[in-house]
Amino acid sequence: MNNRKIRVVVAGKGGVGKTTLTALLAHAFSRRGMPVLAVDGDPQANLAATLGIPASHPITPLTEQKAYIQEKIGGVPGRGGFMVLNPDVADVADRFAIPAAEGVRLLVMGGVQNAGTGCLCPEYTLISTILASTGYFPDEVILLDTPAGLEHFGRAVAEGFEYALIVTDESYNARAVARDLSRLARQCSIRQVILVVNRVRNGLEKPDIIGEMEGLFQKVWLLPHDSCITRHEPSVIPAVLDHCPIVGNIESLAGYILAHC
């Protein structure tokens with residue numbers, strides 16, 4: 001492996017397992033001794049619970065850090081004003097990321113109204129700049145859990161991330177979304193676009209899925225249906241400690257990413 005940092009965006013239709021995959025990958029990389037910053041870019045903000053952070057732990061999303069937004073952007077949220085469109089956000093992880101596990105930190109973005117529609121609000125400007133600036137963060141691995149699409153922060157993702165894991169299950173709708181996301185990822189010039197087929201039943205040989213996705217992804221990765229995950233949810237920590245079958249598959253996926261970085 002070379003010294004390049006690993007920047008992975010995880011995308012897909014809602015409900016296909018993006019957040020669970022992000023959390024399991026965070027643990028897989030951290031067990032290799034690699035500092036990980038897990039970024040929750042989904043307004044539903046479920047990554048904290050999935051990583052094992054208790055619900056009683058207070059977390060203030062970045063979009064609600066009004067003093068920081070005003071310090072960096074200049075415009076006061078809800079009141080307009082002049083804004084800095086290229087702020088220095090190199091300190092954001094050290095100031096607002098919280099410990100999630102050994103070697104893993106969590107940064108919660110929060111929701112942005114009208115994201116991806118030309119919005120120039122301070123919150124959107126801040127988050128876009130953070131995503132585009134991940135190369136300046138000290139963490140060896142950054143994993144971004146997204147809403148159901150890359151278009152929300154397409155340009156920022158293009159600048160800050162080199163790997164896209166497009167997650168689907170075997171349903172028609174999820175596979176259709178995955179095909180569309182492969183196009184968006186290529187438009188973002190993401191170097192490695194990998195399809196992850198989650199909850200595969202009856203073995204891991206699915207030539208129908210692999211065939212229809214031919215030419216859209218550099219790699220198709222199949223993950224088995226594992227009731228161990230649903231039994232332990234929301235946290236993946238018990239699944240990791242119990243060596244649930246899918247954990248080994250995620251370890252292999254992390255190894256593949258490392259080998260191709």
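Please treat every number below as a calculation from the coordinates, not as lab data. Remember, it's a predicted structure, so these values are computed and weren't measured experimentally. With ideal geometry, Cβ positions are generated from the backbone for all residues, glycine too; neighbour counts draw on all protein chains shown.
Look at the alpha carbon pairs under 8 Å that are at least 6 residues apart: their mean separation over the length of region 6-259 gives a relative contact order of 27 percent.
With loop membership from DSSP and a limit of 11 other Cβ atoms within 10 Å, the longest segment of the chain without trypsin sites (Lys or Arg not before Pro) is 80-200. The HN-Hα couplings worked out from phi for region 222-233 by the Karplus form 6.51 cos²θ - 1.76 cosθ + 1.60 (θ = phi - 60°) are 9, 10, x, 4, 9, 5, 4, 5, 5, 5, 9, 4 Hz, whole numbers, x standing for Gly and Pro. Have a look at Leu107, Gln187, Val177 and report the one farthest towards the positive end of the charge dipole of the chain, computed about the Cα centre with Cβ charges (Lys/Arg +1, Asp/Glu -1). Positive-end residue among those listed: Gln187.
The Cα atoms of the chain give a gyration tensor whose axes a ≥ b ≥ c have a/c of 1.5 or more with a/b greater than b/c, which makes the shape prolate. Distance between the C-alpha centres of region 183-261 and region 1-53: 13 Å, rounded to the whole angstrom.
The helix-only estimate of mean residue ellipticity at 222 nm for the chain, built from DSSP H runs of length n ≥ 4 each weighted as -39500 (n - 2.57), is -10500 deg cm²/dmol after division by the residue total. Find which of Ser56, Leu165, Pro234 sits farthest along the positive direction of the dipole of the chain, computed with +1 on the beta-carbon of Lys and Arg, -1 on that of Asp and Glu, about the Cα centre. Checked the options; the winner is Leu165. Hey, with R₀ at 25 Å, roughly what FRET efficiency would Arg155 and Lys66 work out to, going by the Cβ-Cβ distance, to 0.05? Step by step, r from the Cβ atoms, then E = 0.50.
If R0 is taken as 22 Å, the Cβ-Cβ distance between His260 and His57 corresponds to a FRET efficiency of 0.05. Residues of the chain were split at every exposed loop site, defined as GluC sites (Glu not before Pro) in a DSSP loop with at most 10 other C-beta atoms within 10 angstrom, and the longest piece left, sites excluded, is 103-204.
Summing Cβ point charges (Lys, Arg +1; Asp, Glu -1) relative to the Cα centre of the chain gives a dipole of roughly 280 debye. Largest first, the three principal axis extents of the alpha carbons in region 1-71 are 40, 32, 25 Å in whole numbers.
Here the label points at His243 and Ser171, each 7 Å from Cα along the C-beta direction, are separated by 3.4 nm in the simple model. The local environment of Lys18, defined by Cβ-Cβ distances under 10 Å, has a net charge of -1 under the rule Lys, Arg +1 and Asp, Glu -1.
For the chain, the residue among Val247, Thr134, Thr20 whose Cα projects farthest onto the positive side of the dipole built from Cβ charges is Thr134.
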